[in-house]
1. Of these, T235, T294, which one is under 28 Å from Y194 (Cβ atoms) and in a helix (DSSP H, G or I)?
2. In the list R241, R263, which residue meets the criterion of being modelled with pLDDT of 95 or more, open to solvent by 60 Å² or more (accessible area, probe 1.4 Å), over 30 Å from L160 (Cα atoms) and not in a loop (DSSP other than H, G, I, E, B)?
3. Mind counting the residues in the stretch 175-192 that are of a type outside the set (K, R) and open to solvent by 50 Å² or more (accessible area, probe 1.4 Å)?
4. Can you tell me which residues in the stretch 223-242 are touching a helix residue (DSSP H, G or I) at 6+ places or on another chain (Cβ under 7 Å) and farther than 16 Å from D182 by Cβ?
5. Among the residues of the stretch 67-92, how many are part of a strand (DSSP E or B), open to solvent by 70 Å² or more (accessible area, probe 1.4 Å) and within 16 Å of R48 (Cα to Cα)?
6. Can you pull out every residue in the stretch 198-216 that is under 24 Å from L156 (Cα atoms), open to solvent by 30 Å² or more (accessible area, probe 1.4 Å) and either touching a residue at least 40 places away in the same chain (Cβ under 8 Å) or touching a helix residue (DSSP H, G or I) at 6+ places or on another chain (Cβ under 6 Å) (or both)?
7. Between A172, A195, A233, A219, which is closer than 30 Å to Q94 by Cβ, over 18 Å from the mean Cα position of the chain (by Cα) and surrounded by 13 or more Cβ atoms within 10 Å (Cβ to Cβ)?
Amino acid sequence: MMRRVNTSLTPWEESVASRSTQMHRLAAQLETITGVAVEAIYDERDRRWGLHYSNGPTGGSMRAHLTKLATKAGLDAALCSLHRIVQDDALALQAVRYLRTTPAEDPYTYTANLSWAIEEAARTTDHPDRPLDEREAVLAARLLAAEDRYTSPQLLAERLLRSEGGLAALLADDLQQVRPGDRLWAAEYLSDRYADGAHRAAWQRHLQPMPAREALAAAAADPEATPAARVAALTLTPLVRADLEAELAVLDGRELDLIIAVRADSTAWSTVGAALHLTKQGAAQRASRLVGRTTSTSR
């Protein structure tokens, strides 16, 4: 708190009190620059000013801002300490981000160090409470709400990682809301229902949906597919078709290149036809069609 200068103060106390205005001004300037609340507090025991804030920039980033402002004001930034508190909302967000982005080859090898990894991510991230997207924000909020009694976000993340449903359990209710045309919902719904093996681990622990083509095939082969599964599969059909058409276009180009190369070797059309299980006339006609298709595709 600010201290008023009066005749009972020693010269040293008067110096500290006069610096109070400058420190609170620095705190206000840092708030403007960083967008987080900064409080200037004087420590009577250490006889030093401290700037306290939650989440926000890392200590290094805040120190850089402080040094620039203090130098401009003629103050020694080294005389001021920084105190950053990472709140649970930031830890929950970093936990979700860590679980989503960590490689899925062996998801259990790092659970013993999960708390440390989450805390380190928060420590080294500017504004660790700011989500990258709406999905991340929703997942973090649900992670915090996963327990009635207080449990650290790190412990919740570890429990989630070890649980049968994994991180995907936070989306269980959302996936039941049928959204025709929403490809993300379709891929995630089908992954939740059909993914197995490595795809299951990637989905449950990192929310990585199984490939659309495999999801579509799984739904088509399921005689007990739910109405939602059929809608989801239908939603993915245009995406799978587009992928197949792109692959076919590449194959057309390679086939035409091979035909041209074989003909350049003075090979007869009859040989080209035999290779393609066509007559020599059929091979020539196919080459002509491939020229038309590849030309059209390249436009």
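The values are calculated or read from the model by the stated rules, or taken from the named source; none is laboratory data. Source: prediction; values computed, not measured. FYI the Cβ positions are ideal-geometry reconstructions off the backbone, even for glycines, and counts take in every protein chain you see. Side chains are part of the model used for accessible areas, which takes the heavy atoms of the whole protein and leaves out ligands, DNA and RNA. Shrake-Rupley method; radii C 1.70, N 1.55, O 1.52, S 1.80 Å.
1. Working: T294 fails: under 28 Å from Y194 (Cβ atoms).
When all the criteria are applied, what remains is T235.
2. Working: R263 fails: modelled with pLDDT of 95 or more.
One residue alone meets the criteria, R241.
3. Initial filter on the stretch 175-192 (of a type outside the set (K, R)): 175-178, 180-182, 184-192.
Remaining after also requiring open to solvent by 50 Å² or more (accessible area, probe 1.4 Å): 176-178, 180-182, 184, 192.
Adding up the residues that qualify gives 8.
4. Selection gives A225 alone.
5. From the stretch 67-92, those part of a strand (DSSP E or B) are 80-85; that's our starting set.
So of that shortlist, the ones also open to solvent by 70 Å² or more (accessible area, probe 1.4 Å) come out as 83, 85.
Still in the list and also within 16 Å of R48 (Cα to Cα): 83.
The total comes to 1.
6. Filtering the stretch 198-216 for residues under 24 Å from L156 (Cα atoms) gives 198-209.
Retained after the next criterion (residues that are open to solvent by 30 Å² or more (accessible area, probe 1.4 Å)): 198-200, 208-209.
Selection gives A198, Q208, P209.
7. None of the other options fit; the residue is A195.
Rundown of residues vs (1) in contact (Cβ under 8 Å) with a residue 40 or more places away in the chain; (2) touching a strand residue (DSSP E or B) at 6+ places or on another chain (Cβ under 8 Å), yes/no style:
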{"residue": "S20", "(1), (2)": "no, yes"}
{"residue": "Q29", "(1), (2)": "yes, no"}
{"residue": "W49", "(1), (2)": "no, yes"}
{"residue": "T58", "(1), (2)": "yes, yes"}
{"residue": "H65", "(1), (2)": "no, no"}
{"residue": "T71", "(1), (2)": "no, no"}
{"residue": "L79", "(1), (2)": "no, yes"}
{"residue": "R84", "(1), (2)": "no, yes"}
{"residue": "T102", "(1), (2)": "yes, no"}
